[in-house]
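Below: the structure, in structure tokens.
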Amino acid sequence: MFYLFWLVLSIKKLKKMKYKIIPAIIAKDQKELEEMIFKVDSYVDLIQLDVMDGKFVKNKSNFFGFSLPTRGINYEAHLMVENPGVWIEKYGNLVDTIIVHFESSDDLSRLINKIKAKKKKVGVALNPETSIEEIKPYLKKIDQVLIMMVHPGQYGARYLSKMEEKIKELREIYKGDIEVDGGINDKTIVQVKKAGANLFCSGSYIMKSKKPAEAIRNLKKCLKN
């Protein structure tokens, strides 16, 4: 009986959550960055910038001195870099949310405090091999957790369905925003929503589509079902 009550209560809380589709942008220079932003900024209110240094992950993206169009869009930076503290100091003021990896070489508590000092939202990302247990001490200090559904670093990496169990495990103990990133399309988005995610970052499904607006509409339609 208690379990049933808890389940109903959890479902009600999830229904109140705000669901968002977040296009993820990988760009090699300012020109490409702007072109990709302008493809999607009329259809969403939040865009993720994948920042990669070629060291923490193999590829490089948005790892240059950039500027962002101010067209009523919020930005989150997903830092896949070895020294996120340096990036936060140089570019942290340009975005609204900064997501750092638990696995990064910097001290996580220090990074969280550094981001909060800039009055930005704080997110922590977990690679597939990192357990929920590792992040428990930080949950009360942050605004969101990002669960990687792939091994990070490129568009189109293989979706790891077993990460859905990690989402469920986190949702049982965390009522904040749970974002998923990697392999999110019109099929997998249904599964991660059921698992407990409420923010859905999609890269190749949206950005490699011939009609990004239609891809975004498809994802939003899936969330309503």
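The values are calculated or read from the model by the stated rules, or taken from the named source; none is laboratory data. Just so it is clear, the model here is predicted, and its values are computed rather than measured. A quick note on method: Cβ atoms are made from the backbone with ideal geometry, for glycine too, and the neighbour counts reach across all protein chains shown.
The residue list Lys224, Lys220 contains one member that is at pLDDT below 95 and basic (Lys, Arg), which is Lys224. A Cβ distance below 7 Å, combined with a sequence gap of six or more or placement on separate chains, defines the contacts here; from region 189-202, residues that are under 12 Å from Glu179 (Cβ atoms) and without any contact (Cβ under 8 Å) to a residue 60 or more places away in the chain reach residues that are among the acidic types (Asp, Glu) and surrounded by fewer than 22 Cβ atoms within 10 Å (Cβ to Cβ) in the pairs Val192/Glu164. A count restricted to region 140-159 and to residues that are more than 16 Å from the chain's Cα centre (by Cα) and either buried (at least 16 other Cβ atoms within 10 Å of the Cβ) or closer than 20 Å to Leu111 by Cβ (or both) stands at 2. For region 182-192, name all the residues that are in a helix (DSSP H, G or I), of a type outside the set (S, T, N, Q) and surrounded by fewer than 19 Cβ atoms within 10 Å (Cβ to Cβ). Of everything in region 182-192, just one residue is in a helix (DSSP H, G or I), of a type outside the set (S, T, N, Q) and surrounded by fewer than 19 Cβ atoms within 10 Å (Cβ to Cβ), namely Val190.
Among the candidates Gln48, Gln30, single out the residue that is at pLDDT 95 or above, surrounded by 13 or more Cβ atoms within 10 Å (Cβ to Cβ), among the polar types (S, T, N, Q) and more than 19 Å from the chain's Cα centre (by Cα).
Gln30
Is it the case, given these coordinates, that Pro128 is under 22 Å from Lys28 (Cα atoms), in contact with a His (Cβ under 9 Å, 6 or more places away or on another chain) and modelled with pLDDT of 95 or more? So Pro128 does not fit the description; no. Filtering region 52-68 down to residues that are free of Cβ contacts under 8 Å to residues at least 40 places away in the same chain and part of a strand (DSSP E or B), which residue is surrounded by the most Cβ atoms within 10 Å (Cβ to Cβ)? Selected residue: Ser61. In the set (1) surrounded by fewer than 19 Cβ atoms within 10 Å (Cβ to Cβ); (2) closer than 21 Å to Lys208 by Cα, His78 fails one condition alone, (1).
Between a first residue in region 204-221 that is touching a residue at least 60 places away in the same chain (Cβ under 8 Å) and surrounded by 18 or more Cβ atoms within 10 Å (Cβ to Cβ) and a second residue that is polar (S, T, N, Q) and in a loop (DSSP other than H, G, I, E, B), which pairs have beta carbons less than 8 Å apart while being 6 or more apart in sequence or on different chains? So the pair list comes out as Leu219/Asn185.
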